[in-house]
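Novice: What follows is a structure written as C-alpha cells; I'll ask about it next.
What follows draws every value from the coordinates through simple rules; no lab data is involved. Model, not experiment: these values are computed from the prediction. Neighbour counts run over all protein chains shown; Cβ positions are idealised from the backbone, glycine included.
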Amino acid sequence: MYFVSTRHRAGLAGLMATAVALESGPALAHSADRTWTYPPACCHGDQVTGECAKIPATAVTPRPDGYVIILRPGDHQKVTYQDRYFVPYDVVIPSGDDNFHICLHPTEEDENCFFAPADAM
C-alpha cells in the first residue's frame, strides 16, 4: 500500500504500521486536497514546507516494471534541479484523487512515498 523507494525499502514495515494507525486515528500530516490527507509517515509540515505535493502527469512515465518520474524545478516545491526517480509498481500508494503525488524526504533526491491515481495503477 505505501511506497518506499528502492533506497528506503527497509522501512516498509514501519510504513505499513503507520497505515494501520492512520486508518484508526486522526491524520497528522497536511492535506493533499480537501478530500484526503498524506500519511504522517510520508509528509512532515504543511502545504508550503511539507515534502509531499501533486506533480504533473507529464512528469510520470509508466514502464513494465514501474514508474519513471522526472521532476524539474516548479514541478514540486522541494525540487531545485532536474532529478529522476524510479518507483516499482508494488510500492505505489493509491492517491485520494485523480493526480500523481510524490513525497521527497529528507532531501529532494530521496522519494519516500509516491501516489498514483487508481486508473493508472
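Novice: Assuming R0 = 25 Å, can you tell me the calculated FRET efficiency for the pair residue 68 and residue 36, based on Cβ-Cβ distance, to the nearest 0.05? Show your work: numbers first, answer last.
Specialist: Details: r = 25 Å, r/R0 = 0.99.
E between residue 68 and residue 36, to the nearest 0.05, is 0.50.
Novice: Amide H of residue 95: which non-local residues (sequence gap of 5 or more, or other chain) have their own amide H closer than 5 Å, using H built in the peptide plane?
Specialist: Counting only residues 5 or more places away or on other chains, the set is 116, 118.
Novice: From the phi angles alone, apply the Karplus equation (6.51, -1.76, 1.60; θ = phi - 60°) to the range 105-121 and give each ³J(HN,Hα) in whole Hz, x where the residue is Gly or Pro.
Specialist: 7, x, 10, 5, 7, 10, 8, 10, 8, 9, 10, 10, x, 4, 6, 9, 8
Novice: Another one. Could you list which residues have their amide H under 5 Å from that of residue 67, counting only those 5 or more apart in sequence or on another chain, with H placed in the peptide plane?
Specialist: The answer is 87, 89.
Novice: Amide H neighbours of residue 113 under 5 Å, counting only residues 5+ apart in sequence or on other chains, H built in-plane at 1.01 Å?
Specialist: Those lying under 5 Å, H to H, from residue 113 are 103.
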